[in-house]
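For reference, the structure discussed in these notes is given below.
The values are calculated or read from the model by the stated rules, or taken from the named source; none is laboratory data. Quantities reported herein were computed from a predicted structural model and do not represent experimental measurements. Cβ atoms come from the backbone with ideal geometry, glycine included; neighbour counts cover every protein chain shown. Surface accessibility is based on the protein's heavy atoms, side chains included, excluding ligands, DNA and RNA. Shrake-Rupley method; radii C 1.70, N 1.55, O 1.52, S 1.80 Å.
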Amino acid sequence: MISTSLLPLETPTPAHICPFDQACSYLEAAARELKLDQGILEILSNPRKVITVSIPVKLDSGEIRVFAGHRVQHSDILGPYKGGIRYHPAVTLREVSALAMLMTWKCALLGIPYGGAKGGIAIAPKNYSVGELERITRRFISELIKDIGPSVDIPAPDMGTSAREMAWMMDTYSVNVGHAVPGVVTGKPLSVGGSLGREMATGRGAMIVVREALKDLGKSLQGTRVAIQGFGNVGGAAAQLFYEAGAKVIGVSNSTIGIYSETGLDIPAVKAYMTANHQSLLGYPQATAISNAELLTLPCDVLVPAALENQITEENVNQVQAKIVAEAANGPVTLEADRSLQARGVIVLPDILANAGGVVVSYLEWVQGLSYLFWDEERVNREMENLMVHAYHEVVEQSRKREIPLRLAAYTLGVGRVAKALSDRGLYP
Ligand code: NAD
């Protein structure tokens, strides 16, 4: 494996599920398939810039706490760095670095002119008040002020962050530079230049690629049995859209509990229940309570992991019954589990394709903002759908032509485009 001298090994994660090692393994497999030069592979294996800042914040109690905030800028070969900011207790620098690398391949695969980045703070947002979260977010962005910008690096929401945090980030950046800069983040509220369709975009993209994969099998979404892990930005939107398209969403879950209904859940009713019940699924009447582990092994046609990484592993992969796994989360299937699913003929729609709807609409938001011309939702969804469907077919065609699995096909397309741009641009000096 290529050395990654820029990254300290701060977490003793077992090697087989270290997200950064996993990301490098996929990169190396693509490089072998493409017969990439070793020097190019070494450049692409290392993030261009790794930033860790200290974020001192006064809590509501008056106590001062210092948090560590990371931003990893993997590559800007194709355009400005682009990637979400995650607030979750499991955030580590290596995880953020892996996710930054995935963003590079994802943008290249979708043909959008961005590089890849990611950021995060290891906190559980529910343990902090809104005021504390605002102070954490604003100080984080002010520490990053010289490293971000609409043509430099453009953050977006990820786990634990949403349009609210993006508005704080946009405001902090704008106040510091002295004028409004909506293009510095995407996933903003509509009131400050957000795009219609952004909130549902990642879930919509996942639904679109599943629909295309079913079409290739001579099937449709109508009546297809779908189980979804994670009921947040991505999983919640995916559940709604699968439901609206006529699929039977038989199970959903969040971090504490899952619910299952053999005949299909009424997703709008589940959402209304959660709104009235402090965002909890606990006690939902028209379903059976199940664990998160049980959700992954439900008898279904399509499994959509939309929460964390490393959810389908060597331990549970043999119990997975789905015929299609659509990786709406980043890295939910480990390397070994991926091989096992492949061997069983399960179709795995890889994360860099299946969850790309979010960055596509982020790109459309940025384009609308830069041109001061905003589109209706129908146009945003149509443009996104075109890019997703095109990328899906490119991946399937690459897989068929090279006789390789879909994930490797997606990687060869993404990595190949970045490598080509790198060799065309040449090395400075
Ligand atoms: P979110 O914070 O809105 O929702 C996360 C969901 O996962 C919540 O329902 C939470 O309860 C659940 N969850 C947390 N820990 C869990 C656990 N241990 N087991 C099961 N469920 C758990 O986050 P999100 O924005 O929906 O992101 C989910 C995934 O999708 C992440 O991997 C993220 O990187 C990826 N993603 C998000 C976007 C986006 O636009 N938000 C885009 C691309 C990829």
Quiz item: Just a yes or no: is a residue in the range 266-275 open to solvent by 10 Å² or more (accessible area, probe 1.4 Å) and touching a strand residue (DSSP E or B) at 6+ places or on another chain (Cβ under 8 Å)?
Solution: no
Exercise. Tell me which of these residue 283 doesn't satisfy, since it passes every other one: (1) within 15 Å of the ligand (Cβ to nearest atom); (2) free of Cβ contacts under 8 Å to residues at least 12 places away in the same chain.
Key: (1)
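Does the range 321-332 contain any residue that is assigned to a helix (DSSP H, G or I) and within 16 Å of the ligand (Cβ to nearest atom)? Reasoning before the result, please.
Going residue by residue through the range 321-332, those that are assigned to a helix (DSSP H, G or I) are none.
No, every residue in the range 321-332 fails to be assigned to a helix (DSSP H, G or I) and within 16 Å of the ligand (Cβ to nearest atom).
With 310, 277 as the choices, which residue is of a type outside the set (Ser, Thr, Tyr), on the phi < 0 side of the Ramachandran plot and outside the structural domain of residue 105 (by TED's automatic domain parsing)? Can you show your working first?
On the way: 310 fails: on the phi < 0 side of the Ramachandran plot.
Only one candidate passes the filter, namely 277.
Would you mind stating whether residue 381 is within 16 Å of the ligand (Cβ to nearest atom), more than 17 Å from the chain's Cα centre (by Cα) and open to solvent by 20 Å² or more (accessible area, probe 1.4 Å)?
Details: within 16 Å of the ligand (Cβ to nearest atom): yes; more than 17 Å from the chain's Cα centre (by Cα): yes; open to solvent by 20 Å² or more (accessible area, probe 1.4 Å): yes.
When the stated conditions are applied, residue 381 passes them.
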Exercise. Scan the range 50-94 residue by residue and report those that are within 25 Å of residue 422 (Cα to Cα) and charged (D, E, K, R).
Key: 71, 76, 82, 94
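In the range 352-365, is there at least one residue being modelled with pLDDT of 95 or more, surrounded by fewer than 22 Cβ atoms within 10 Å (Cβ to Cβ) and over 20 Å from residue 412 (Cα atoms)?
Within the range 352-365, the subset modelled with pLDDT of 95 or more is 352-365.
This time we only want the ones that are surrounded by fewer than 22 Cβ atoms within 10 Å (Cβ to Cβ), so: none.
No, there is no match, as no residue in the range 352-365 is modelled with pLDDT of 95 or more, surrounded by fewer than 22 Cβ atoms within 10 Å (Cβ to Cβ) and over 20 Å from residue 412 (Cα atoms).
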Exercise. Six or more apart or on different chains, Cβ under 6 Å: which pairs go from a residue in the range 379-405 that's closer than 22 Å to residue 200 by Cβ to one that's open to solvent by less than 20 Å² (accessible area, probe 1.4 Å) and basic (Lys, Arg)? Could you list them?
Key: none
Quiz item: Are any residues in the range 233-272 in contact with an Asp or Glu (Cβ under 9 Å, 6 or more places away or on another chain) and touching a residue at least 40 places away in the same chain (Cβ under 8 Å), and if so, which ones?
Solution: 233, 247, 250, 251, 253
Quiz item: Restricting to the range 114-128, what's the tally of residues that are hydroxyl-bearing (Ser, Thr, Tyr) and either closer than 20 Å to residue 45 by Cα or within 17 Å of the chain's Cα centre (by Cα) (or both)?
Solution: 1
Self-check item: Count of residues meeting criterion [open to solvent by 10 Å² or more (accessible area, probe 1.4 Å), assigned to a loop (DSSP other than H, G, I, E, B) and aliphatic (A, V, I, L, M)] in the range 114-147
Solution: 3
Exercise. Would you check if residue 96 is surrounded by fewer than 24 Cβ atoms within 10 Å (Cβ to Cβ) and within 23 Å of the chain's Cα centre (by Cα)?
Key: no
Practice problem: Could you list all residues from the range 210-251 that are under 19 Å from the mean Cα position of the chain (by Cα), within 13 Å of the ligand (Cβ to nearest atom) and open to solvent by less than 20 Å² (accessible area, probe 1.4 Å)? | Solution: 227, 228, 229, 230, 235, 236, 237, 238, 239
Self-check item: Residues of the range 284-323 that turn out to be surrounded by fewer than 16 Cβ atoms within 10 Å (Cβ to Cβ) and not polar (S, T, N, Q), as a count
Solution: 6
Quiz item: Can you name every residue in the range 301-320 that is touching a residue at least 60 places away in the same chain (Cβ under 8 Å), within 16 Å of the ligand (Cβ to nearest atom) and under 22 Å from residue 219 (Cβ atoms)?
Solution: 303, 304, 305, 306
Quiz prompt | Filtered residues of the range 350-378 (kept if over 19 Å from the mean Cα position of the chain (by Cα) and either assigned to a helix (DSSP H, G or I) or near the ligand (Cβ under 10 Å from one of its atoms) (or both)) | solution = 367, 368, 369, 370, 371, 377, 378
Quiz item: Taking into account only those residues within the range 324-343 that are open to solvent by 10 Å² or more (accessible area, probe 1.4 Å) and without any contact (Cβ under 8 Å) to a residue 40 or more places away in the chain, which is farthest from the chain's Cα centre (by Cα)?
Solution: 343
Exercise. Select from the range 128-170 the residues that are of a type in the set (Asp, Glu) and within 16 Å of the ligand (Cβ to nearest atom) and write down the one among them that is farthest from residue 362 (Cα to Cα).
Key: 165
Quiz item: Given 111, 62, 69, 83, which one is closer than 26 Å to residue 391 by Cα and either more than 14 Å from the chain's Cα centre (by Cα) or open to solvent by 10 Å² or more (accessible area, probe 1.4 Å) (or both)?
Solution: 111
